[in-house]
Amino acid sequence: MNKGIYPFIKRFFCFAGIIFCLVWFDGETAHADEWNSFHTKYLKLQYQQETDLKHFDRQIDYSSDDMSFSGFFGTSKGEQGVKKKMASKLDALFEKVQLILDMRKPLKITVNIYPDETALHDAYFQIYKEKKRLRAWYIFEYNTIYVNVKDLSARMLSHECAHAIVDHFLVVRPPRATAEILARYVDDHLYQKAKTY
């Protein structure tokens, strides 16, 4: 092979490799940046499309007595008004879970909202490197709840919030079975008047 061409080919492939890496990492960054976020007092909602957030809002059918009364007299217009009402609803739900458990502590939890079951199961596989078909779950180490908007309800969200509240309130995290009993108690009593102690 011509000695003058060899360094040129070597530089060409080196340059092409650098360009490939830059494009690949830029694609990874762009993928990570696809998440949008919306904050309430207690929750940080992460979603990929505005339609996912709207669907999430429709799926969470919950209102406290205070909200329904104020909602009757006050009307919120525009997207900001809709988001304000959603934040009030979600914070009311979170406070109800704290009230049912009698565990009040300042806390902010992330909720990753996926568009469908497939995306949710893919997320589980990315984290645990195994397949499992869960409807929703909470991971203490990430302080994150994982849900999919096509299979979601206020009770399901309250159940996962209960796991987060219990894990952060107690000095020693309870055994999984105990935490599950408490979380099920919450979703069974979400729409009932909570006892105060």
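Note on region 131-182: Kirkwood hydrodynamic radius from all Cα pairs is 11.7 Å, rounded to one decimal. With the biggest extent put first, the Cα atoms of region 36-189 measure 47, 35, 24 Å across the principal axes.
In terms of Cα to Cα distance under 16 Å, which lysines are near enough to Lys193, apart from those fewer than 8 places away along the same chain? Of all the lysines, those that pass the test against Lys193 - Cα under 16 Å, at least 8 places apart if same chain - are Lys96. Shown for Thr40, Thr110, Thr196, Thr118: other C-beta atoms within 10 Å of each C-beta, ranked fewest to most, produce the order Thr196, Thr118, Thr110, Thr40. You can think of it this way: the chain between Arg173 and Glu141 has 10.3 nm of extra reach, that is 0.36 nm per residue less the Cα-Cα gap. Relative contact order of region 36-189, taken over Cα pairs closer than 8 Å and 6 or more residues apart, is 26 percent.
FYI, it's all coordinate maths here, none of it is from the lab. All of these numbers come straight from a predicted model, not from anything done at the bench. Cβ sites come from the backbone with ideal geometry, for glycine too, and all protein chains shown count toward neighbours.
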